[in-house]
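Beneath this line is the structure, given in structure tokens, with notes to follow.
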Amino acid sequence: MKTWNFGYEKSKKLAKKIYSKIGRIPCPVFPDELISFTSDGFNHLIRKGRIPRTKNEQKRRFALVPYIEEIIKNPQIITFRKTEEKYTVNRHGKNIKITSVANFWTFHNKIKDCNIKIVIRQIQNGQKQFQSIMSDDIKIRRGKKLKNKAKPR
């Protein structure tokens, strides 16, 4: 799979347009629920926490956006992980212990010889949201040459 053959700003604009049109979609894994596509999900394509991703990494993720709906509606493999975080907050002079639970589902699909993963997140009992999309192998276009940017295993 290859990134789009235009610059960063055009790639970002096109990805944002495609992403915004998704809105909320059903998923056979969660029969009575919809998966929401919020600005948090798109922002995660651009940065990890507060740290911006490289422009090449962003372009790789932008090129995967058109496959999101297809993968969510027809996941091949699904993995699940649950995290629990405990912390203390000060409310009106009293320290209160809070436990935050987050559920993560990862949908794995192979499209055009590229392994793509989509992460869906749910915090506490809130709505399920798109969190991220990534692939293990995507080629970056640089003029006429293609450079393979596979991550070492």
Would you please name the residue that is surrounded by the most Cβ atoms within 10 Å (Cβ to Cβ), looking only at residues in the range 61-76 that are farther than 18 Å from Lys17 by Cβ and not β-branched (Val, Ile, Thr)?
Pro75
Selection from the range 1-45 of residues open to solvent by 30 Å² or more (accessible area, probe 1.4 Å) and of a type in the set (Phe, Trp, Tyr) yields Trp4, Phe6, Tyr8
Filtering the range 1-60 down to residues that are hydroxyl-bearing (Ser, Thr, Tyr), touching a residue at least 40 places away in the same chain (Cβ under 8 Å) and farther than 26 Å from Ile77 by Cα yields Tyr8, Ser11
Verdict on Ile118 being assigned to a strand (DSSP E or B) and either modelled with pLDDT under 90 or surrounded by fewer than 17 Cβ atoms within 10 Å (Cβ to Cβ) (or both)
no
Within the bounds of the range 49-62, is there any residue that is touching a Phe, Trp or Tyr at 6+ places or on another chain (Cβ under 9 Å) and under 18 Å from Trp105 (Cβ atoms)?
no
Mind checking which pairs have a first residue in the range 95-120 that is of a type in the set (Lys, Arg) and a second that is open to solvent by less than 30 Å² (accessible area, probe 1.4 Å), Cβ under 9 Å, 6 or more apart or different chains?
Lys110/Ile116; Lys117/Ile71; Lys117/Thr106; Lys117/Phe107; Lys117/Asn109; Lys117/Ser132; Lys117/Ile133; Lys117/Ser135
For residues that are assigned to a strand (DSSP E or B), closer than 17 Å to Ser132 by Cα and charged (D, E, K, R), tally how many sit in the range 1-58.
3
Give the range 46-60 a look and list any residue that's more than 14 Å from the chain's Cα centre (by Cα) and either over 17 Å from Phe6 (Cβ atoms) or open to solvent by 90 Å² or more (accessible area, probe 1.4 Å) (or both), or say none.
Arg50, Ile51, Pro52, Thr54, Lys55
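The values are calculated or read from the model by the stated rules, or taken from the named source; none is laboratory data. What you see is a predicted model; the values in this text were computed from it and never measured. Note: ideal-geometry Cβ built from the backbone for every residue, glycine included; neighbour counts use all protein chains shown. Ligands, DNA and RNA are stripped out before the accessible areas are found, and what is left, the full protein with its side chains, is counted by its heavy atoms. Shrake-Rupley method; radii C 1.70, N 1.55, O 1.52, S 1.80 Å.
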